[in-house]
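Contents: one structure, followed by commentary.
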Amino acid sequence: MVNRQSGIAQQLESIIGKIDRNMELLGVENAPCYTVDGQYSKLRERFDHRFQWTLSFFTGMIVHAFRYTGDPKYLRYMNRLQNDYRKKVTVDALETMHDLGFLYSLSEVALYKTTGDRNAREIALLAATELAKRFNVNGRFIDAWSRMDGTGEDVSGLMIIDSMMNLPLLFWAWEETGHHFYKDVAEAHADTTIRCMIRDDHSVCHAYKFDRMSGESEGERNHCGYGVGSAWARGTAWALYGFAVAYRYTGKAAYLKEAEGIADFFIRQLPENGVPIWDFRLPETAPRWIDTSACAIAACGLLELSDTEACGDRARYGAQAAKMIETLSSPPYFAEEPEAENILHLAQCGELQAGAIWGDYFYMEALLRLERQAERFW
Ligand code: GLY
């Protein structure tokens, strides 16, 4: 039973109020998928190629809202989106990218884990299969962005750190079906990430390039952080949470060791209030944008570690996460103004943004985890 008196519970009530207002304002037809100027309503491009990794953060919030309140209106909303989610991994399968894990863990997997809906299970397994098909056998990684039929812009041979958070869909598919292929692909990708993307100090690079045909390494690349050699904060958070979850599924000590090392690196870079700037290795002249979304994702990763029995420093990670979430819960980070459709202000995506829908999701997940109310959709 939720303690409705606690500050966390009050914060969750406020978030659910926003979810309800957004559902009413935008409906299913314009299901929120991006934040522009702190508003969800300014971009209405459901399953648009450019924003495809971000639609499921709202559906993730919807399923959490259902679990928290029991109100069937949230399930009705989810059910009305199912045909779109199915179409994306059947009719439009070649339009997909590595981000199928973000999209389906927080929609169809979340729904299946919550209601046992077999249709949702089938759609999520189709998505996992499409994700596994992106595996490059020679380089042993999941190809991030290229079309798998070789047409379109040639961006093949690239792995990115964000993919660590897409692996849970594969691990879930393995657990659900017993089919080892899903697990083998996920582990191979995680192992290549350790070998190529994590540096000795446990900072991570954003991207790494291989020759698509031979699988030979071509070295570090960057598309989201400051540059090659820098340490993008959100990428560090993806790696932290991704390795912590990979350990939960596999029990492989190497994954826990990486998660702990990355967590320690992340924590060492933080200012006193626990909210990072967007890249931990910036030249003097670079802008110092705050990224609340990196903070919220990392807090979830730290809470995952604090729930991991074999983790040596559980209490410290849990306390650090609680501190970060407490800081995010007030202005200027928490969006208290009634007109704000989003939940957290200040995030980096290319440049400083007024907010990011993925940060909103992870903030809600962290609050639920702190309340011991979060089902693990990952
Ligand atoms: N593509 C994931 C991110 O920007 O964090």
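Rolling a 1.4 angstrom probe over the chain with all protein chains present gives an accessible area of which 48% lies on carbon and sulfur atoms. In region 148-239, a dipole from Cβ-located charges (positive for Lys and Arg, negative for Asp and Glu) runs towards its positive end, and of Gly215, Ala237, Leu167 it is Ala237 whose Cα lies farthest in that direction. Stokes-Einstein diffusion of region 108-166 at 37 °C, 0.692 mPa s viscosity, Kirkwood radius from Cα pairs, rounded to a whole number: 253 µm²/s.
Gain on full extension, evaluated as 0.36 nm per residue between Arg281 and Arg221 minus their Cα-Cα distance, stands at 20.1 nm. For the chain, the equivalent ellipsoid built from the Cα gyration tensor has semi-axes of 28, 25, 21 Å, listed from largest to smallest. Take region 1-139 with all the other protein chains still there, run a 1.4 Å probe, and you get 41 Å² of accessible area per residue.
What is region 190-296 by shape, rounded, prolate or oblate, if you read a ≥ b ≥ c off the alpha carbon gyration tensor as root eigenvalues and call it rounded for a/c under 1.5, prolate for a/b larger than b/c, and oblate otherwise? Oblate. Which distance in Å, rounded to a whole number, links the C-alpha centroids of region 203-259 and region 310-363? The two parts, judged by their Cα centres, are 22 Å apart.
Remark: spin-label model distance Arg21-Ala319 equals 3.7 nm, labels positioned 7 Å along the Cα→Cβ axis. Here region 59-113 is treated as an ellipsoid with the same Cα gyration tensor; its semi-axes, largest first and in whole Å, are 23, 12, 7. Apply the a/c threshold of 1.5 to the C-alpha gyration tensor of region 277-366 and tell me whether it is rounded, prolate or oblate. It comes out oblate by the Cα gyration axes. Under conditions of 10 °C and 1.306 mPa s, region 126-208 yields 121 µm² s⁻¹ as its translational diffusion coefficient, taking Rh as the Kirkwood radius over Cα pairs in the Stokes-Einstein equation. Computed over the Cα atoms of region 1-149, the ratio of the radius of gyration to the Kirkwood radius (Rg/Rh) comes to 1.01. Take the Cα of Asp201, step 7 Å toward its Cβ, do the same at Thr90, and the gap between the two points is 5.1 nm.
A crude spin-label estimate for the pair Glu272 and Arg44, with each label 7 Å from Cα along the Cβ direction, gives 4.6 nm. Of the listed residues Lys183, Lys257, Lys113, Lys18, the order by accessible area with a 1.4 Å probe, largest first, is Lys257, Lys113, Lys183, Lys18. For Asp279, the residues whose modelled amide H falls within less than 5 Å of its own, excluding neighbours fewer than 5 places apart on the same chain, are Ala233.
Whole Å is fine, so just give me how far the alpha carbon centre of region 90-107 lies from that of region 158-197. What the calculation gives is 15 Å, centre to centre.
The values are calculated or read from the model by the stated rules, or taken from the named source; none is laboratory data. Predicted model only: the values in this text are computed from it and were never measured. Using ideal geometry, Cβ is built from the backbone for each residue, glycine included, and neighbour counts are taken over all protein chains shown. With ligands, DNA and RNA removed, areas are computed over all heavy atoms of the protein, side chains included. Shrake-Rupley method; radii C 1.70, N 1.55, O 1.52, S 1.80 Å.
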